[in-house]
Amino acid sequence: MSTDKSSATLSVIIPVYNVKNYLETAVDSILNQTVMPSEVVIVDDGSTDGSGDMLEQLYGHIPFVRIVHTENRGLGEARNEGNRHATGDYIYYFDSDDVAVPTLVESFYRHLAAYPALDIYCFSAASFWDVVPEDPEAAKLLPQYDRQLNQAYESGVSAFNILSERSAFYPNAWLYVFRRSLIVDNNLWFMPIIHEDEEFTPRLFFVAQQVVSSTEVLFRRRVRMGSIMQTNRSERNVIGYIESIRSLEALKAQAQDSTVIKNLSTRILNNIIAIYRILKEDGVVLSEESSRRFNDLLERNSTPQVKLAGRSLFAFRVYNFAQRRAKQLFGS
């Protein structure tokens, strides 16, 4: 596949499921780029709110837009389906309720021209409330995704380590443009789970060569109070984190470098904390099988931090804050 700016192609893949109220804004933000992608593959993942019909009406006539309708199988499988239909040298997974900054594609091609061997392009993002909460303190709790560095890395492992050390490695797939052959040649597809990005993105970094990070904010994430990521968490969320941890453990078992092992351990810890939050804050009760699997992974990852979080999430947050503050003041 060609990597020259004049010939390299970019496919934007957009999974869609019941987002009729946001769909046009999201897709139009891709179609109104200052530099156009080569193709847009939209996968209607069995929507029941009319999103599929809306796609056909608004975009079915556009030659470089391909609309695929499937039964509902979840975000990961919808992305996989889009990849199977895509023809681009590079892939960008975009979410159907968010907004792309108009220069996203232009920025990618500009960096590709400077780094023709580019495997992964990492950029920054900001968030906005769909409806601003009445509580002013809650309104401040918008996640930001700052890469902190404009830098090229000789390998995906090096990028993973450096970004992780700065708390600037984010698993969210919509923060990256990937070389498609990385996925296809290494058979690295999304798992059919919730929180699929948690294990997918690290796996991709570990097979990548040249990676570039940018502080440019090129994506705006819409935060919805009713989103599956903010409310209604269930055992399925826990299962997703358990599967992600298993995948991260496999990467850790193969690692030789102590820094890689440390950073993967941190990602595993973050996923365990996410499970504890679901169990303790949402009151989710696990089935016997899920409970057994969670206890097994706790035994495999029995660190002081994990034990502290198991006793008290508040105490863990205080400890974690103190650790971060000490690192800022005195360095690692």
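Of the peptides 244-253, 35-44, 68-77, the ranking by mean beta-carbon count within 10 Å, highest at the top, reads 35-44, 244-253, 68-77.
Taking the Cα centre of the chain as reference, the dipole from Cβ charges on Lys and Arg (+1) and Asp and Glu (-1) amounts to some 1340 debye.
A Cβ-based charge dipole, computed about the Cα centre of the stretch 1-147 with Lys and Arg at +1 and Asp and Glu at -1, lands at about 600 debye.
Between amide H atoms placed 1.01 Å from N, distances below 5 Å from F219 occur with V101, A126, all of them 5 or more places distant or on a separate chain. Taken over the chain, the alpha-carbon convex hull comes to 147 cubic angstrom per residue. Rounded to whole numbers, the Karplus 3J(HN,Hα) couplings from phi for the stretch 216-224 are 4, 7, 10, 9, 10, 8, 7, 9, 10 Hz, using 6.51 cos²θ - 1.76 cosθ + 1.60 with θ = phi - 60°, and x at Gly and Pro. Hydrophobic long helices, here whole DSSP H runs in the chain with Kyte-Doolittle means of at least 0.5 and Cα atoms spread over 24 Å or more along the helix axis, are not found.
Every number here is computed from the coordinates shown, using simple stated rules; none is lab data. Because the structure is a prediction, the values reported are computed rather than measured. Note that each Cβ is placed from the backbone with ideal geometry, even for glycine, and that neighbours are counted across all protein chains shown.
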